[in-house]
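The values are calculated or read from the model by the stated rules, or taken from the named source; none is laboratory data. Note that this is a predicted model, so its numbers are computed, not measured. All Cβ positions, even for glycine, are placed from backbone atoms using ideal geometry, and neighbour counts span all protein chains on display. Surface accessibility is based on the protein's heavy atoms, side chains included, excluding ligands, DNA and RNA. Shrake-Rupley method; radii C 1.70, N 1.55, O 1.52, S 1.80 Å.
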Amino acid sequence: MLLAAVLSACGEQGPDPERVASWREDYCSDLAAWQRITHDPPVKGYGNEPVLTAAAVISAAKVIDREHLDHEGSHILNDTAQAVSHQDREAEKRVSAYCDAVGFETLMKYG
């Protein structure tokens, strides 16, 4: 019984590549939306959008962190929180660089 469990665990692979790509795209899309709202001039109806978008970016970063999809040892969640909560430009550059590295550079306008 124990051997079967060990062999089963050894045969497990990481998450489905399509799912990984989807998580990364969600994160980078949310980050890009936050960047646009934060850095572009306000438009009519501008109100709670930055707060709601910041929450979405942090939520998406939690998935990236939980699934260990950050190339730098899971700093993505901390950097994201620093960027969206404290307007830390260096942290924003790092998370934008992450999106560049995973193939979503066209979404990034700032960073």
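Of all residues in region 66-80, those satisfying the criterion of being open to solvent by less than 30 Å² (accessible area, probe 1.4 Å) and at pLDDT 90 or above are Leu69, Ile76, Asp79, Thr80. Scan region 52-81 for residues that are assigned to a helix (DSSP H, G or I) and within 13 Å of the chain's Cα centre (by Cα) and the total you get is 20.
The residue of region 85-111 that is surrounded by the most Cβ atoms within 10 Å (Cβ to Cβ), among those that are among the charged types (D, E, K, R) and in a helix (DSSP H, G or I), is Glu92. Taking every residue in region 98-109 that is farther than 17 Å from Ile37 by Cα and touching a residue at least 12 places away in the same chain (Cβ under 8 Å) and pairing it with any residue that is open to solvent by less than 50 Å² (accessible area, probe 1.4 Å) and of a type in the set (D, E, K, R), at least 6 positions away or on another chain, the pairs with Cβ-Cβ distances below 6 Å are Val102/Arg24. Contact map, region 15-42: first residue more than 20 Å from Lys62 (Cβ to Cβ), second residue open to solvent by 40 Å² or more (accessible area, probe 1.4 Å) and hydroxyl-bearing (Ser, Thr, Tyr), Cβ cut-off under 7 Å, separation 6 or more or different chains; pairs are His39/Tyr110.
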